[in-house]
Amino acid sequence: MSNITLGILGGGQLGSMLSAAAKKLNIKTIIYSDDKDAPAQNFCDEFLFASYDDKEKIYELAKKVDVITYEFENIPFETLNELNKLKTVLPKPSVNRLIQHRLAEKDFINKLNIRTTRYVHIEDKKDLLPLEDFLPGILKTTTMGYDGKGQYPIKNIDEIENLNIDFKNEYILEKLVKLKKEISVIVTRFNNSKYEVYEPIENTHENQILKHSKIPAEISDKIFKQSKEWAIMISEELKYVGTLCVEFFIDRNDNLYVNEIAPRVHNSGHLTLNAYNISQFENHIRAVCSLEQIPLKKLSNAEMINLIGNQIVPYRNNPKLDDNQFLFDYLKKNIKEKRKMGHLTTLK
Ligand code: ADP
Ligand code: MG
């Protein structure tokens, strides 16, 4: 019986699934969230509701736990840094600061000689005018974006004039890649430079939101190997502890690019709950709590469909599922358009 208590910042579905994985390992969880309806409160042992810069509550959390992690990246660096003075925060706050900033993140990846899309830093509308070369492209806020939020496609130079965007924020302009496919690689790095790597997952997005993931990905052997190598290189360079996801683009000439890194468990890895002996969530808990590392074994091919907005409704009234199907309802109070409400995994 372990007597570890783990603090988790963030209370969405990733926090729920981390809490459930921790419970299996006899680890207590305290979820800290600024959303009083945070769904993870249904899965954790204790719930703290406060803003991420509430010093008193932050200290209360630190006092109650042995180690702290997070389930989304947009947490103020100061908060993680303060917490880290009191209890170990994993992944390290400096890693999160790097990755939560799209420009710093892309500079870091390029320094490792890993290909990304072409990008430039944009501070003002007039910075865009000489950049026809980067069009068609996407303007993205450097911080706080997710599920396509804070992104503005620009087709041609004439569209720049009419852009209605607040340049108080910083942006990057990214050249659009002619996508053949998107894949992701999830890796868990343990404290001693050891890894567990999941096989590449093939992902389909709708309106910039993940809709569908499957293994095996239909990709060449070369891309299979290179994507795993790059994911390991990135986690090693960061001296990362925990589960991390690298999102990749594959273009029509079969070139591989890193799109972005998520310093956390990832939506595309939900199928690992049913398709592997150890899920991405359990591996994250094992790594940040310094538990035993168990070699990964794939049990089955699988596909996962996100249930977004109203798509959850038919699954809430006694749905008929086959033996190889697993439904996860995130128990979110309000159904909203574009909101991830649950997912369905089918083993193949
Ligand atoms: P988020 O942080 O919202 O996940 P991403 O940068 O991953 O932002 O973009 C979301 C999705 O939008 C990607 O998975 C991809 O489908 C599409 N996309 C983003 N940037 C590009 C690009 N440069 N070229 C082609 N597609 C892109
Ligand atoms: Mg993304």
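A short reminder: the numbers here are calculations on the coordinates, not readings from a lab. Quantities reported herein were computed from a predicted structural model and do not represent experimental measurements. A quick note on method: Cβ atoms are made from the backbone with ideal geometry, for glycine too, and the neighbour counts reach across all protein chains shown.
The rows are residues; the columns are (1) within 16 Å of ligand 2 (Cβ to nearest atom); (2) surrounded by 14 or more Cβ atoms within 10 Å (Cβ to Cβ); (3) closer than 19 Å to LYS194 by Cβ.
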residue: TYR240; (1), (2), (3): no, yes, yes
residue: ASP251; (1), (2), (3): no, yes, no
residue: ILE285; (1), (2), (3): no, yes, yes
residue: SER290; (1), (2), (3): no, yes, yes
residue: ILE294; (1), (2), (3): no, no, yes
residue: ALA302; (1), (2), (3): no, yes, no
residue: ASN306; (1), (2), (3): yes, yes, no
residue: LEU331; (1), (2), (3): no, yes, no
residue: LYS336; (1), (2), (3): no, no, no
Checklist entry - In the list ILE109, ILE31, ILE68, ILE8, which residue meets the criterion of being within 18 Å of the chain's Cα centre (by Cα), part of a helix (DSSP H, G or I) and within 19 Å of PRO263 (Cβ to Cβ)? => result ILE109
Item to check | Segments classed as strands (runs of 3 or more DSSP E), wholly inside region 265-348, with at least 1 members that are under 27 Å from LYS36 (Cβ atoms) and aromatic (Phe, Trp, Tyr) | outcome: 325-329
Checklist outcome for this item: Scanning region 265-293 for residues that are out of contact with any strand residue (DSSP E or B) (no Cβ under 8 Å at 6 or more places or on another chain) and touching a residue at least 60 places away in the same chain (Cβ under 8 Å) gives SER279, GLU282, SER290, LEU291
Next on the checklist: For region 143-164: of the residues being within 16 Å of ligand 1 (Cβ to nearest atom) and of a type in the set (Val, Ile, Thr), which is farthest from HIS205 (Cα to Cα)?
Outcome noted: THR143
Item to check | Matching entry among ASN81, ASN110, ASN42 (being within 30 Å of PHE249 (Cβ to Cβ) and among the polar types (S, T, N, Q)) | outcome: ASN110
Item to check | Of residues in region 111-151 being basic (Lys, Arg) and out of contact with any Lys or Arg (no Cβ under 7 Å at 6 or more places or on another chain), the one nearest to ligand 2 (Cβ to nearest atom) | outcome: LYS149
Next on the checklist: Please go through (1) among the β-branched types (Val, Ile, Thr); (2) closer than 21 Å to ASP251 by Cβ; (3) more than 15 Å from the chain's Cα centre (by Cα) for ILE201 and return the number of the only condition it doesn't satisfy.
Outcome noted: (3)
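To keep it simple, each residue is scored yes or no on (1) touching a Ser or Thr at 6+ places or on another chain (Cβ under 9 Å); (2) within 10 Å of ligand 1 (Cβ to nearest atom); (3) of a type outside the set (Lys, Arg).
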position: VAL187; (1), (2), (3): yes, no, yes
position: PHE190; (1), (2), (3): yes, no, yes
position: ILE201; (1), (2), (3): yes, no, yes
position: SER213; (1), (2), (3): yes, no, yes
position: ASN259; (1), (2), (3): yes, yes, yes
position: ARG264; (1), (2), (3): yes, no, no
position: ASN267; (1), (2), (3): yes, yes, yes
Next on the checklist: Being out of contact with any Phe, Trp or Tyr (no Cβ under 9 Å at 6 or more places or on another chain), outside any helix (DSSP H, G or I) and away from ligand 1 (no atom under 16 Å from the Cβ) is the filter here; which residues of region 122-142 pass it?
Outcome noted: LEU129, PRO130
Item to check | Flag if ILE215 is away from ligand 2 (no atom under 14 Å from the Cβ), in contact with a strand residue (DSSP E or B) (Cβ under 8 Å, 6 or more places away or on another chain) and of a type in the set (Val, Ile, Thr) | outcome: yes
